[in-house]
Amino acid sequence: MLHLPEESLTDNHTPKKIVLVLFHNDFRVNDNATLEHAATLASSNQGRLLLLYASSLTNTDKQKTWSKAYHFDEMGFARQQFLAESLADLDESLHHLGNKLLYLPTDSLSTDNSLSKIDTFTQLCHLIEQQSVTDICVSRTADYAQNQAYAALQVRFPQISWHSQPTTTLFTAMPTKDLPKSFTQFRKQVESNYDLLNGDNDLTVTPMPKFLPPLPDDMISNSVFFYQAQTFDKHAQQEARFKGGETSASAHLTDYFNSEAPSNYKTTRNALDDWTHSTKFSAWLANGSLSVKVLLNRLRQYERDVIANESTYWIWFELLWREYFYWYAMNHQQKIFLFQGISSQKPMTRSDKKLAQQRLQQWQTGTTPYPIVNACMHQLKSTGYMSNRGRQIVASCFIHELGLDWRYGASYFEQHLIDYDVASNWGNWQYLAGVGADPRGCRQFNLVKQTEQHDPNGIFIDKWQGKGIS
Ligand SMILES: Cc1cc2nc3c(=O)[nH]c(=O)nc-3n(C[C@H](O)[C@H](O)[C@H](O)COP(=O)(O)OP(=O)(O)OC[C@H]3O[C@@H](n4cnc5c(N)ncnc54)[C@H](O)[C@@H]3O)c2cc1C
C-alpha cells in the first residue's frame, strides 16, 4: 500500500494555512472574534495556529522618533505586573484549548549569540518568514502606533492575507455618520439610534472556541518563544484586587454585580480611593481581558433583576465616554499626540526650561505644593490606578498651576496606569488641556475646593502621604 505523508492526505491539495494571531488589547478567549476567526481559518484544512504577543511592535527607529518623543523610560512596575498577570492567564486559557502563547520581548539578542539587539518588529518578521505564515489576524485598534506597525507588515509581506475583527467596542463601526465635535452630541445621536441598554436583546457575543488548532510542529519543541510567567516581589505588589487576566476580570464582574455598588454608582463615583465607589473595570477593559459587550450584558441583567436607576444608567453613560474616545482616536489618528491637538492654537506653557523640568519632577514624585495632587500621584505610582476625579485634579494642576506641556503628563500616565488606553488617555488629556473635544475649552479645577469636597477630613491625603513623609 502507498503511504503518503500525513500532510498530503489531509490537505486535498490546498496548502495548509499557517495563521498568526497578534494579540493586542484582546487578552481573552471569551467573546474574542479575532481568536475565533483565526481558529476557524486554521482548522478549515488542518492548518496551524501561532498565537503571539509582541511586547512592542512600535520600536522601529522611524516610529520611535514621533511616538516615543515624550515617553519616560519604561513601563511602571504596577503596569508591568498587571500585564504579566494578564498574559500568564491568557497563556493558561490557550493551553487548555490546545495551544500556547508565544512571546516576543522588546529587544532580544540576535540568534548568532552576538551581543547585537534585534527589535521586536524585526524578530516578528523573522518568525513570519521562518513559519511561512499565510494569514494574520488582529483586533481592530485605535492605537495609532500599532496600526502603523500593521501597515509596515502589510507592505513587507503583501502575499499574506489580513483579517481584522472588532473586539474592543460596543459598535463594530462608528455609530454616527461623522464624529460629533462633543461627547454630548455623540451620546444623543447614539442613544436615539441604538438602544443597547434597554433594547429587547442582549448584545451578541462570540462563543469561546471549543479547541484551537495546534502550533506548527517545529514550534512545539521550540520553547524560545513560549511565554514565561514572571514572578514578582511580594512587597512591591500593587493592590491585590487589581490582578491581571480574564479569570480575575470575570470574578470581579460577578462580585461587582452581586453587590449593591451598581445601584449607588452615580453618587459614589467621584470618591478618590474606595474600591466599590466606581466600577474598577477599566484595567481589564483596556487590555481586553474583559469584553465591553459582556460587561454591558451583565449591566442589562442587573437592571432587569435588581434595579434600573440613574446610577445604573450612569455606568452605561461612562462606557459611552470610552466609546467616544475610541472613535475620536480612530478619526483623528496621530493628531491625538499633537500639542495643539485637534484645535488650531497651541496652549500656553512655561517657557523657562529649567523651571519646567523642576515642576515636572515635583509632579511625578508627588512633591508639589498641593497635598491632594501629591497624594494622587503617590497612589498612581504605587498601585497603577487613580480615580477619575484624581486624574482630573492632577491633570488640571499639571496644565494650569504648573503650566507644563500636557503631553508629558499624558506620557507619564501611559507609563504607569494599569488601565492605560491610547484613546481614553490622550483623549482625556486633550480635553482637559482645551485642545480636544471639550466645547467649553480649558477646564481648571480649584484644588482647594476639590480637597474640601473630596477629602474633607484629609484621610486620603494622610493615607498617600500628600504632605510628605512625617
Ligand atoms: C487625564 C485622564 C486620563 C485618563 N486615562 C485613561 C486611560 O488611560 N484609560 C482608561 O480606561 N481611562 C482613562 N481615563 C478615564 C477614567 O478616569 C477611567 O476610565 C476611570 O477612572 C477608571 O476607573 P473605573 O473603571 O472605576 O471607572 P468608572 O467610573 O467605573 O467607569 C466605568 C467605565 O467607563 C469608562 N470610563 C469612565 N470614565 C471615562 C472617561 N472619562 N473616558 C473614557 N472612558 C471612561 C471606563 O472604561 C470605566 O471602566 C482618564 C481620565 C483622565 C481625566
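Each value in this text was obtained by applying a stated rule to the coordinates, not by laboratory testing. Since the structure is predicted, the reported quantities are computational estimates derived from the model, not experimental observations. Cβ placement follows ideal geometry from the backbone for every residue including glycine, while neighbour counts extend to all protein chains displayed.
Brief remarks follow.
- Over 25 Å apart at the Cα level, from the set Lys243/Lys293; Lys100/Lys381; Lys280/Lys463; Lys210/Lys293, are Lys100/Lys381.
- Ordering Asn198, Gln154, Thr268 by the projection of their Cα atoms onto the charge dipole of the chain, which places +1 on the Cβ of Lys and Arg and -1 on the Cβ of Asp and Glu, puts Thr268 at the extreme positive end.
- Helix axis angle, 33-43 relative to the chain longest principal axis, alpha carbon, degrees: 10 degrees
- Amide proton proximity set for Ser139, modelled H, under 5 Å, gap of 5+: His24, Gln165
- Angle between the chain longest axis and helix 246-257 axis [Cα atoms, degrees, rounded to 10]: 40 degrees
- Cα centroid separation - segment 83-105 against segment 316-372, whole Å: 34 Å
- Seen through its C-alpha gyration tensor, with square-root eigenvalues sorted a ≥ b ≥ c, the chain comes out prolate because a/c lies at 1.5 or above while a/b is bigger than b/c.
- Electrostatic dipole magnitude of the chain [Cβ: Lys, Arg +1; Asp, Glu -1; Cα centre; debye, to 20]: 1580 debye
- Dipole of the chain, positive direction: furthest Cα of Ile18, Val306, Ala173, with charges on the beta-carbon: Ala173
- Under 5 Å, built H, 5+ apart or other chain: amide partners of Leu104: Tyr53, Ala54, Ser55
- Calculated FRET efficiency, Trp314 to Tyr194, Cβ-Cβ distance, R0 = 25 Å: about 0.90 to the nearest 0.05.
- Segment 258-311: C-alpha gyration tensor shape, a/c 1.5 cut-off, then a/b vs b/c: oblate
- The helix-based estimate of mean residue ellipticity at 222 nm for the chain, built from -39,500 (n - 2.57) per DSSP H run of four or more residues and divided by its residue count, is -14000 deg cm²/dmol to the nearest 500.
- Across segment 339-463, C-alpha contacts under 8 Å between residues 6 or more apart give a mean separation that, scaled by the residue count, equals a relative contact order of 27 percent.
- Centroid-to-centroid, using Cα positions, segment 263-311 and segment 128-179 are 29 Å apart.
- Helix 406-416 and the longest principal axis of the Cα set of the chain meet at an angle near 60°.
- The residue list Gly366, His454, Gly434 was ranked by how far each Cα lies along the charge dipole of the chain toward its positive end, using unit charges on Cβ atoms, and Gly434 comes out on top.
- Gyration tensor verdict on segment 146-268 (Cα atoms; rounded if a/c is under 1.5, prolate if a/b is larger than b/c, oblate otherwise): oblate
- For segment 93-104, Karplus couplings with θ = phi - 60° (6.51, -1.76, 1.60), whole Hz, Gly/Pro x: 5, 5, 4, 4, 8, x, 9, 7, 8, 9, 9, 10
- Nearest-20 debye value, segment 339-463 charge dipole, Cβ charges on Lys, Arg, Asp, Glu: 300 debye
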